[in-house]
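Working notes, beginning with the structure itself.
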């Protein structure tokens, strides 16, 4: 079938172009069907990307529906509260949602069932407990300082804090699923089930006559989060039990002391020593992603938040390439590092960078050119965000030029470097936003955010060059970057 496609390509096009396109298709097909690490990553990335494309259409339809149903002011209020809640849900895991990818990958490759079972037992419970604590602290903060914000926002924040444990559990389970190479189980609940459930619940609420406001939307989002997390739990743990039995047998591994009943081992202090720097880096990264929206909410009105967020959502598809390759390659970075194959790590990371950059550039050009018509779907007032698209796209494309560098560094023992880079980038981002938003409004926020992405990209590139001795860049003169040295 594939050969027929190649022959058709060569026959329908002039000979030079047809032969060239057929050769490129053959390269892509060979890569996608290869059993190598890059081939597996390409297939996983393709699955993730297709899921994210579908979810982008679904999420975009959801955002358009919400904006038109509630109006820009109510929509902006809902967006601000939900962005903060989502960020807190990720922070509640204290970095374990990323570190668990490294731990599970290492323990599986080393056939260490006791430690594997230990981390699988600890991680979900830890996320639930810590997220409940964070929610309680949030309730207390709202009780103390609730008078500083409007009563409707106070109520919305109270409601959003209720679903933090489910958000945190979903984050942990996504990391575990990624380490087991289950891309659909990892991202399907958050990016397909949740938006589809929100649409369904809101449609049901509308049919029952509930008002079109931020409260109804938030209730729908909370119910959808419950549904997505529970479904993910049922699918994930059933598959993990089957895979562990297939890999280790029913407690017959030589690493398992069946007689004493010790078929698991906890290394909580070690796990936290790895997770906490990642937590700080993840916290800085989460604030970096959402600082612009939060600061616009502080300095400007809800309508401005709505316009800016609509522009961000319109560029979501451009982000997906980076996200897909990041999700597909993280555990392979850890595997190369565990095997001390730095040359393989260098070549693999450069290849991932190329797979990240060119599709991102193409999608960015398309989205910028079609931006006006996309924003019109939200409503006529949202056309004011058209100029934001080009500014934000520049930062996204520059960031794609080095691939998922933060994951590479985190999976090779350089999580503290990632933490400091993101901390410095966040500080620059906040300073730029606070300085530019009062002067230029939402355009100032776009300039600040894009500039922060460029700063982050430069710092990550320098960190990888100096700490790992490898050069990862799309326009590097040596496309198969040689190892210059390795510094532990």
From the list 72, 55, 38, exactly one residue is farther than 28 Å from residue 333 by Cβ, modelled with pLDDT under 90 and in contact with a helix residue (DSSP H, G or I) (Cβ under 6 Å, 6 or more places away or on another chain). Which is it? 72
Read through the list (1) under 19 Å from residue 88 (Cα atoms); (2) surrounded by fewer than 18 Cβ atoms within 10 Å (Cβ to Cβ); (3) touching a residue at least 40 places away in the same chain (Cβ under 8 Å), then give the number of the only condition that residue 152 fails. (1)
Among the residues of region 465-478, which ones are exposed (fewer than 15 other Cβ atoms within 10 Å of the Cβ) and either farther than 27 Å from residue 340 by Cβ or at pLDDT 85 or above (or both)? 466, 475
Inside region 77-104, can you point out the residues that are crowded, with 24+ Cβ neighbours inside 10 Å and part of a loop (DSSP other than H, G, I, E, B)? 92, 93, 95
Quick one: residue 125 ticks every box in (1) surrounded by fewer than 20 Cβ atoms within 10 Å (Cβ to Cβ); (2) more than 21 Å from residue 186 (Cα to Cα) except a single one, so which number is it? (2)
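Against the condition buried (at least 23 other Cβ atoms within 10 Å of the Cβ), touching a residue at least 24 places away in the same chain (Cβ under 8 Å), out of contact with any strand residue (DSSP E or B) (no Cβ under 9 Å at 6 or more places or on another chain) and more than 21 Å from residue 311 (Cα to Cα), how does residue 403 come out, does it pass? I'd like the intermediate steps shown before the answer.
Values: buried (at least 23 other Cβ atoms within 10 Å of the Cβ): yes; touching a residue at least 24 places away in the same chain (Cβ under 8 Å): yes; out of contact with any strand residue (DSSP E or B) (no Cβ under 9 Å at 6 or more places or on another chain): yes; more than 21 Å from residue 311 (Cα to Cα): yes.
For residue 403, the condition - buried (at least 23 other Cβ atoms within 10 Å of the Cβ), touching a residue at least 24 places away in the same chain (Cβ under 8 Å), out of contact with any strand residue (DSSP E or B) (no Cβ under 9 Å at 6 or more places or on another chain) and more than 21 Å from residue 311 (Cα to Cα) - is met.
Restrict the check to region 229-238 and report whether at least one residue is in a helix (DSSP H, G or I) and under 23 Å from residue 334 (Cα atoms).
Filtering region 229-238 down to residues in a helix (DSSP H, G or I) leaves 229-238.
Of the ones still in play, those that are also under 23 Å from residue 334 (Cα atoms) are 236-237.
Yes, some residue in region 229-238 is in a helix (DSSP H, G or I) and under 23 Å from residue 334 (Cα atoms).
A quick yes/no check of all residues on (1) free of Cβ contacts under 8 Å to residues at least 40 places away in the same chain; (2) more than 20 Å from the chain's Cα centre (by Cα); (3) within 20 Å of residue 86 (Cβ to Cβ):
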{"position": "294", "(1), (2), (3)": "no, no, yes"}
{"position": "300", "(1), (2), (3)": "no, yes, no"}
{"position": "319", "(1), (2), (3)": "no, no, yes"}
{"position": "334", "(1), (2), (3)": "no, no, no"}
{"position": "347", "(1), (2), (3)": "no, yes, no"}
{"position": "350", "(1), (2), (3)": "no, yes, no"}
{"position": "354", "(1), (2), (3)": "no, no, no"}
Hey, can you tell me all the residues within region 166-184 that are surrounded by fewer than 23 Cβ atoms within 10 Å (Cβ to Cβ) and free of Cβ contacts under 8 Å to residues at least 60 places away in the same chain? 182
Step by step: first the residues of region 242-275, then only those that are surrounded by fewer than 11 Cβ atoms within 10 Å (Cβ to Cβ) and assigned to a helix (DSSP H, G or I), then the one that is modelled with the highest pLDDT. Which residue is that? 269
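In the list 136, 192, 187, which residue meets the criterion of being touching a residue at least 24 places away in the same chain (Cβ under 8 Å), farther than 23 Å from residue 73 by Cβ and surrounded by fewer than 22 Cβ atoms within 10 Å (Cβ to Cβ)? Before you say what the answer is, go through the steps one by one.
Working: 136 fails: touching a residue at least 24 places away in the same chain (Cβ under 8 Å); 187 fails: surrounded by fewer than 22 Cβ atoms within 10 Å (Cβ to Cβ).
The conditions single out 192.
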Check residue 364 against each of (1) farther than 22 Å from residue 81 by Cα; (2) free of Cβ contacts under 8 Å to residues at least 40 places away in the same chain and name the one condition it does not meet. (2)
Scanning region 196-215 for residues that are modelled with pLDDT of 90 or more and buried (at least 20 other Cβ atoms within 10 Å of the Cβ), the one farthest from residue 75 (Cα to Cα) turns out to be 197
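Within the group 462, 487, which residue is modelled with pLDDT of 85 or more and either over 30 Å from residue 73 (Cβ atoms) or surrounded by fewer than 24 Cβ atoms within 10 Å (Cβ to Cβ) (or both)? Let's see the steps before the verdict.
Working: 487 fails: modelled with pLDDT of 85 or more.
Being modelled with pLDDT of 85 or more and either over 30 Å from residue 73 (Cβ atoms) or surrounded by fewer than 24 Cβ atoms within 10 Å (Cβ to Cβ) (or both) holds for just one of 462, 487, which is 462.
The values are calculated or read from the model by the stated rules, or taken from the named source; none is laboratory data. Not measured: the values here are computed from a predicted model. Counting neighbours? That spans all protein chains shown, and the Cβs are built from the backbone with ideal geometry, glycine included.
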